[in-house]
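One structure is given here, and the rest of the page talks about it.
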Amino acid sequence: MSHSTPPGSWDGPWYRVPTEHFEAAFLPNADEDLESVANVDVFVDLKDGSRRRATMITLAQVEVTMARWAESGEALGGRYFWCSDGLIVRDAGISNMTGVLLGLAENGELTQVLRRLDD
C-alpha cells in the first residue's frame with residue numbers, strides 16, 4: 001500500500017486529489033481544515049472512465065452524530081446510524097481518506113466498496 005498521499009488542489013468547492021489509480025473530488029465545507037475533515041462526500045473518477053461515490057465519515061464523527069440524535073430524538077433517539085453510500089474510516093483528514101481509497105484501489109476492493117454512478 002502507498003504510504004504517501006499526493007497533494008491536491010482546489011477547483012471551486014471541490015478539493016481534487018489525483019492518483020495513479022483515480023482522481024478523488026472531495027466536497028469539504030469551505031472553512032474546514034482539510035486534515036480535520038471527519039465527514040465528507042467524495043466522487044472518484046477511475047482510469048476506466050467509471051465514476052463512484054461515497055460519504056466518508058470517521059468512527060468518532062458517527063459517535064458525535066449519534067449522541068446529537070439521542071438529544072434530538074432523530075434515528076430512534078440515536079440508537080442507529082445510517083447514511084447512503086457510507087464508508088466509515090478510523091482517521092480524519094483528506095490525506096488519510098485518500099490513503100484509504102488508495103488502499104482499496106491497490107487491493108482491488110474500490111469498485112466493491114464505492115457505489116458506481118450511472119453516466
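The values are calculated or read from the model by the stated rules, or taken from the named source; none is laboratory data. These figures come from a predicted structure and were not determined experimentally. As a convention, Cβ positions derive from the backbone with ideal geometry for all residues, glycine included, and neighbour counts pool all protein chains shown.
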*Within segment 53-61, can one find any residue that is out of contact with any helix residue (DSSP H, G or I) (no Cβ under 8 Å at 6 or more places or on another chain) and either on the phi > 0 side of the Ramachandran plot or without any contact (Cβ under 8 Å) to a residue 12 or more places away in the chain (or both)?*
no
*If you take the residues of segment 71-85 that are at pLDDT below 95 and of a type outside the set (A, V, I, L, M, F, W, C), which of them is nearest to residue 35 (Cα to Cα)?*
85
*Here are some residues: 40, 44, 17. Which one is touching a Ser or Thr at 6+ places or on another chain (Cβ under 6 Å), aliphatic (A, V, I, L, M) and not in a loop (DSSP other than H, G, I, E, B)?*
17
